[in-house]
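*Asks:* If you scroll down you'll find the structure; I have some questions about it.
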Amino acid sequence: MLRHIIRTSPAALPRSICFRAHSPAIALFRQTRISASGVYPTVGHRTTVAAFHSTPSCRGPPVIALLATILKSSSSLEFVRTAARIFLTFMPAIMITNHKSKKKLKYAHLHGVPKSEETIARVMKQIRVRRNLLYSLFLVPITLLWGTIVASLEQTPITGRWRMIVLSPEEEEEIAEQLAGPGWYSAVGQILASDGPPKIISNTDWRYAWVSSTLRRLEATIPVLTNEPSSHKCWFDEDQDHPPMPPPASYPLRPRPRASEYLRRLCDNICEGDWFKAPVPKMPHQIAGPPYSLLLVDKPESSNAFSYGFGPNGAGGIVVYSGFLDEVLARAPMNKGHLVEAPKSWFTSLFSVLFSSPSPRHPTPTPEQTTELAILLAHELSHLVLSHHLESLSSTTIILPGVISIITDVVRVFLFPFTMLFGPFVNDAVAQLGKVGSGELVKVGELCTSVNQEIEADIVSARLLAHAGFDARDAVKFWENRSLETNTVECAKNTRTEPSPDERLVMGLWSQTHPVNEMRVDALKHELARWEDERQRQVAVSRSTKEQREA
């Protein structure tokens with residue numbers, strides 16, 4: 001075979017098997033002599049053994065990227081569950097067979113039953129083979145599970161919190177495409193319709209213009225989060241009266257990873273034969289940001305807001321209820337000095353001479369009221385910037401159900417002797433108990449995820465407010481006041497005087513005795529205190545550097 005390959009013209013060979021001058025096969029051929037009966041070393045030459053490779057062995061790393069791309073998908077946990085079920089299917093049979101074989105050998109040894117050494121060696125070899133098979137079957141789901149965890153781990157922008165999103169980039173794009181444009185309004189309409197037909201406030205209403213202008217002002221600060229050191233070099237201003245500015249984040253906002261594009265580039269370079277020489281450039285991937293969709297719902301009894309969606313082109317947005325706007329405007333009643341005429345369209349202005357009816361007037365919100373609105377919008381905007389909805393979708397519909405199903409399969413295998421002994425009624429009872437227990441675990445998991453996300457959104461919203469020109473310290477007072485009110489169902493508001501059992505469990509897991517709202521306010525205060533500590537440290541460094549230059 002080797003003689004045939006070497007005699008063949010290199011030009012006629014495929015690229016994958018063409019030999020280079022330093023190929024191990026060529027070196028081996030030069031050191032050995034081929035004969036019809038085999039390979040014999042020639043006189044005066046070294047006898048070395050070299051491995052034969054049709055392609056260089058250093059081209060294996062792309063397989064890791066390929067596996068990571070496959071495992072980072074919504075079907076990865078289903079692969080793990082299937083592998084675990086295969087292991088659980090064969091485990092009892094293998095363990096029982098090995099136990100019987102060992103028991104027979106032990107019985108023969110104790111009672112002097114003649115057994116030849118060949119028979120004993122054959123039985124022991126069969127036991128080892130079955131045991132190794134069992135270990136292999138066990139390692140497959142464990143390896144797939146850890147591979148899925150590693151492939152799905154990522155750090156949240158700004159805060160650096162580790163999280164798992166078991167969705168491939170293609171699945172994320174599919175979600176964004178479904179919600180882009182009118183898709184977001186359709187999806188939100190279905191959510192709002194659960195409480196009856198919603199009454200939407202027109203975008204010509206002055207309240208819509210007020211909320212929209214405030215949201216666009218906050219949106220303009222999102223690009224700053226991608227490169228804060230260059231955008232705000234003088235964030236540590238020594239003026240104490242100036243609103244605090246955040247220090248540059250250790251984890252700036254970056255586009256979400258595109259594993260498939262990276263893998264495609266690697267494959268292209270592999271085909272060219274120089275993937276390990278040329279650096280792989282970063283593929284462009286749009287940050288899911290402005291413009292966000294906005295919807296105002298006329299519902300005076302609801303003083304809240306929520307965000308929903310993921311992706312560009314309006315695939316994410318915020319819904320604000322009129323009850324919150326009424327609550328903010330009622331805190332500072334408007335006087336005549338604050339009333340202005342509503343903007344006129346060109347059609348109204350053209351025929352204003354014929355129709356002399358007075359134009360409607362609306363109140364002008366004060367800066368304090370705009371600040372309160374901006375705090376709530378910045379909180380909801382932070383959920384969208386940090387892709388919290390993807391995280392919730394991944395954890396509540398993929399991770400938690402998948403892990404619970406695997407645990408349920410393991411428990412049912414160990415309980416099978418009891419359920420087989422006591423009949424189908426016990427089996428149905430165990431299945432029902434597992435279903436109820438899994439539902440409760442999912443609720444607790446959702447609450448844990450929600451608490452993490454709410455605290456994180458408060459911290460990032462303070463950064464958005466500061467970059468937009470608001471005072472982030474006002475957010476502490478705002479959330480403290482809202483935690484005392486009881487006429488809202490927004491996640492930042494507490495409608496109960498006592499925490500629910502699930503909240504008690506979460507606080508117990510975190511070794512916390514304070515309600516969730518107090519935890520959020522404390523985390524926000526701690527973040528603002530960290531800003532001040534970083535500012536003072538940077539000011540001290542700046543002064544020291546200035547003194548050294550003057551000296």
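*Asks:* Which order, highest average first, do 370-376, 219-225, 98-104, 70-76 follow once you tally other Cβ atoms within 10 Å for each residue and take the mean per peptide? Walk me through the intermediate numbers first.
*Replies:* Details: 370-376: 23.0, 219-225: 18.0, 98-104: 12.7, 70-76: 20.3.
Going by the mean number of other Cβ atoms within 10 Å, highest first, we get 370-376, 70-76, 219-225, 98-104.
*Asks:* Turning to a different aspect of this structure: With a point put 7 Å past each Cα toward its Cβ, work out how far residue 471 is from residue 397 in nm, to one decimal.
*Replies:* For residue 471 paired with residue 397, the spin-label model returns 4.3 nm.
*Asks:* Further question: Contour minus end-to-end for residue 450 and residue 542, with contour as 0.36 nm per residue of separation and end-to-end as the Cα-Cα distance?
*Replies:* Values: separation 92, 0.36 × 92 = 33.12 nm, distance 4.00 nm.
Here the segment from residue 450 to residue 542 would lengthen by 29.1 nm.
*Asks:* Related question: Please give the peptides 537-547, 147-157 ranked by average Cβ packing (other Cβ atoms within 10 Å per residue), highest first, as a rough proxy for protection.
*Replies:* Details: 537-547: 11.4, 147-157: 17.7.
Packing order, densest peptide first, comes out as 147-157, 537-547.
*Asks:* What number comes out for accessible area per residue over the range 189-251 if the probe is 1.4 Å? Units Å², please. If you can, show how the numbers build up before the last one.
*Replies:* Working: 3650 Å² over 63 residues.
Per residue, the range 189-251 has 58 Å² of solvent-accessible surface.
*Asks:* Roughly speaking, what is the stretch gain from residue 101 to residue 193, that is 0.36 nm per residue apart minus the C-alpha to C-alpha distance, in nm to one decimal? Please list the in-between numbers first.
*Replies:* On the way: separation 92, 0.36 × 92 = 33.12 nm, distance 6.52 nm.
Contour length minus Cα-Cα distance gives 26.6 nm.
*Asks:* Between residue 364 and residue 154, what is the label-point separation in nm under the 7 Å Cα-to-beta-carbon projection?
*Replies:* 4.4
*Asks:* Calculate the FRET efficiency for residue 161 and residue 254 from the Cβ-Cβ distance with a Förster distance of 22 Å, rounded to the nearest 0.05.
*Replies:* Details: r = 15 Å, r/R0 = 0.67.
For R0 = 22 Å, the calculated efficiency reads 0.90.
*Asks:* Can you pull the one-decimal nm distance between simple spin-label points at residue 185 and residue 206, each 7 Å off the Cα toward Cβ?
*Replies:* Roughly 2.4 nm, to one decimal.
*Asks:* In whole Hz and in residue order, list the ³J(HN,Hα) couplings for the range 194-206 that follow from phi through the Karplus curve 6.51 cos²θ - 1.76 cosθ + 1.60, θ = phi - 60°; x for Gly and Pro.
*Replies:* After applying 6.51 cos²θ - 1.76 cosθ + 1.60, I find 5, 9, x, x, x, 9, 8, 7, 5, 6, 8, 6, 5 Hz.
The values are calculated or read from the model by the stated rules, or taken from the named source; none is laboratory data. Worth saying up front: this structure is predicted, and the values here are computed from it rather than measured. Backbone-built Cβ (ideal geometry, glycine too); neighbour counts: all protein chains shown. Note: accessible area is taken over every heavy atom of the protein model, side chains too, but ligands, DNA and RNA are not part of it. Shrake-Rupley method; radii C 1.70, N 1.55, O 1.52, S 1.80 Å.
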